[in-house]
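Everything below concerns the one structure shown next.
The values are calculated or read from the model by the stated rules, or taken from the named source; none is laboratory data. The structure presented is a predicted model; accordingly, all values stated were derived computationally and were not measured. In this analysis, Cβ positions are derived from the backbone assuming ideal geometry, glycine residues included, and neighbour counts consider all displayed protein chains. Keep in mind that these areas ignore ligands, DNA and RNA; they rest on the heavy atoms of the full protein, side chains included. Shrake-Rupley method; radii C 1.70, N 1.55, O 1.52, S 1.80 Å.
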Amino acid sequence: MIYKLGLNYIIPVIRTQLSHNRYYFCILLLLLPITRSSAQCSYTLNDILDKVMCNSPEYRLQKIQSEIDRRTYEINMASLLPSVSMAFSGPSYSKTISPVSQADGSIKYLEVDNLQGNLSLNANVPLEWTGGQFSLNSNLSIYRNNRDDNLLTSYSLNYYHLSYNQPLDFFSVNKWNRRIIKANRTKAELEQTESLFELKYNTLQLFFEIVAKKTEIVQLARQTESLQKLYELSKAAYAAGKMLETDLESMAIKIASIANQTEGNKEELNKLFELLNMETGLCFTTSGTNFIYPDFPVFTINTELALSRMSDKIENLYKVQLLSQERATSQLKRKRWGSASLSMGIGMSASANDFKRLSESKITDYNASLNFSFPITGWVSQKKEYENAKLNYEKLVISKQKYMDSQKIELLNLISTLRLNHKTYDYLLNQKQLLQKEENVKRNLFQSQRIIFNELEEVMDQQIQNEQNIIQTIANVYLNTCEIEMMTATDFFLVRK
């Protein structure tokens with residue numbers, strides 16, 4: 001209304017002043033938003049959820065956490081890939097005094113200057129299926145010794161050294177690590193999704209509490225206006241001897257009670273808006289915000305699909321613990337009989353006092369080793385560790401199944417409740433119409449002094465409670481569906497404007 005009045009005033013002025021002052025038009029355009037800002041803004045449930053997912057501190061925290069988890073996953077996966085590194089140390093200089101035995105048996109102390117450096121190149125290639133690792137190393141070392149004005153330089157070059165290390169007691173360790181890293185990533189994504197659904201649930205709850213409270217305030221205002229008119233008519237009837245004094249007093253008490261109730265509702269509404277602003281990171285105000293609650297949603301949830309998604313979520317949540325425990329059990333099972341490893345290598349190296357003569361002193365070396373270790377005194381304790389690991393694994397399997405069964409019962413109850421809510425909503429709508437008719441009838445009966453005011457008051461209170469029940473039934477559908485979404489990590493509905 002204010003916006004329309006502003007336009008009705010501004011448009012004629014624009015037409016008159018535009019030809020006289022070109023800057024006046026720009027000033028008026030700047031004033032247009034001011035006239036409109038005083039109007040009350042209306043928001044649907046969809047609007048609120050969109051704003052929450054853009055401005056909520058919790059949403060921003062989850063977004064940052066998601067980025068951290070993604071980078072952690074990439075770092076962990078990179079540890080399983082081939083790696084190449086280069087290292088350089090030096091030049092390292094040292095000056096010492098060293099004792100040197102002479103021919104006559106005496107000892108002479110000489111200053112010795114040392115300068116040395118080292119350059120190395122390393123490459124490692126882990127094998128996923130065997131758990132072994134190929135390694136390739138190359139190294140160059142230079143050592144210079146200056147003593148008694150004699151410069152001595154020596155070079156040591158390791159052309160290459162190719163080796164392979166394989167644990168024989170536990171194969172595929174890298175494969176296990178890869179599976180656990182991926183399972184950790186999936187679990188982190190599910191936990192973040194659950195946190196976002198929890199944020200959505202809290203927002204829905206606050207939204208409908210605010211809508212219910214504002215609706216009650218509006219209903220009480222209408223009831224007060226209606227009672228004020230009825231009270232004025234009743235005073236005239238009382239003066240004419242056609243109205244009981246008790247009914248007149250009851251009406252006055254009811255009007256005062258509604259006023260107190262309205263003030264209490266406004267205080268509660270302010271607190272709800274504070275919670276909503278804290279939850280969403282926005283700045284809604286009681287006077288400048290109007291929330292429009294949606295109609296009863298009409299949609300169905302596929303029970304088989306919901307159960308399947310819930311089962312997949314629980315499997316993924318427990319997968320990290322199960323894989324880790326299964327890996328530990330397998331390692332302990334082999335550890336009872338000791339450990340074994342195989343190492344093989346081939347390399348070529350050379351050393352000389354002249355760098356150009358290194359190629360003349362090449363030496364090829366081969367190495368292979370098979371290592372075994374057997375427990376003697378700790379065999380019994382290792383056996384018990386293995387048995388405990390097996391029991392812990394069985395305990396995890398039973399816990400997972402128990403949790404899945406309880407979640408299945410809860411999910412089926414929620415889906416059943418959704419179906420009952422539709423019948424409850426239809427019943428409340430019919431009751432609303434009947435109560436309206438009953439109020440009209442009893443109002444006429446009261447004015448004709450055929451019933452007392454308390455009977456009319458009871459019907460008016462029932463109407464307010466009925467409207468609250470309608471809002472709560474709609475809220476229950478959205479809240480129950482959001483709970484199903486949290487349990488299944490799946491969006492089952494879109495809020496429509």
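Observations on the model:
- Lys, Arg +1 and Asp, Glu -1 on Cβ, resulting dipole of the chain about Cα centre, debye, nearest 20: 1040
- Computed about the Cα centre, the dipole magnitude for segment 43-156 is approximately 60 debye when only Lys and Arg (+1) and Asp and Glu (-1) carry charge, each at its Cβ.
- Here F372 and Q331 are evaluated by their C-beta separation; at R0 = 25 Å the FRET efficiency comes out at 0.90.
- The phi torsions of segment 326-333, fed into the Karplus equation with coefficients 6.51, -1.76 and 1.60 and a -60° offset, translate into couplings of 5, 5, 4, 5, 5, 5, 5, 4 Hz, rounded to whole numbers, with Gly and Pro shown as x.
- Length-normalised contact order for the chain - Cα pairs under 8 Å, 6+ apart - percent: 18
- Against the set [x] 32.7; [y] 25.0; [z] 28.4, the structure's computed Kirkwood radius over Cα pairs in Å falls on [x].
- Each label point was placed 7 Å from the Cα along the Cα-to-Cβ direction; for I398 and C41 their separation is 5.6 nm.
- Full extension of the chain between S311 and Q462 gives 50.0 nm of extra length, using 0.36 nm per residue less the Cα-Cα distance.
- The simple spin-label model puts a point 7 Å past each Cα toward its Cβ; for N388 and N440 those points are separated by 7.9 nm.
- Measuring nothing but protein heavy atoms, the accessible surface of the chain at 1.4 Å probe radius is 55 percent carbon and sulfur.
- In the chain, a dipole from Cβ-located charges (positive for Lys and Arg, negative for Asp and Glu) runs towards its positive end, and of S89, Q462, I451 it is S89 whose Cα lies farthest in that direction.
- With the charge dipole of the chain set up from +1 on Lys and Arg Cβ and -1 on Asp and Glu Cβ about the Cα centre, the Cα lying farthest toward the positive end among the listed residues S141, H422, L157 is that of L157.
- Note on segment 65-154: the alpha carbon radius of gyration divided by the globular reference 2.2 N^0.38 Å gives 1.94.
- Pairwise Cα distances in segment 352-487 exceed 27 Å in 66 percent of cases.
- In this structure the amide hydrogen of Y160, modeled in the peptide plane, comes within under 5 Å of the amide hydrogens of M348, none closer than 5 places in sequence on its chain.
- Per-residue accessible area (protein heavy atoms, 1.4 Å probe) orders C54, C283, C482, C41 as C283, C54, C41, C482, starting from the largest.
- When the charge dipole of segment 238-394 is built from unit charges on Cβ atoms (+1 for Lys and Arg, -1 for Asp and Glu) and taken about the Cα centre, the candidate among I376, F284, I346 whose Cα reaches farthest toward its positive end is I346.
- Between the beta carbons of Y238 and D50, assuming R0 = 45 Å, the FRET efficiency works out to 0.25 to the nearest 0.05.
- Charge dipole magnitude, Cβ of K and R +1, D and E -1 - segment 323-460, Cα centre, debye nearest 20: 520
- Distance between the C-alpha centres of segment 358-395 and segment 82-104: 35 Å, rounded to the whole angstrom.
- With the helix formula -39500 (n - 2.57) applied to DSSP H stretches of n ≥ 4, the chain reaches a computed 222 nm mean residue ellipticity of -22500 deg cm²/dmol.
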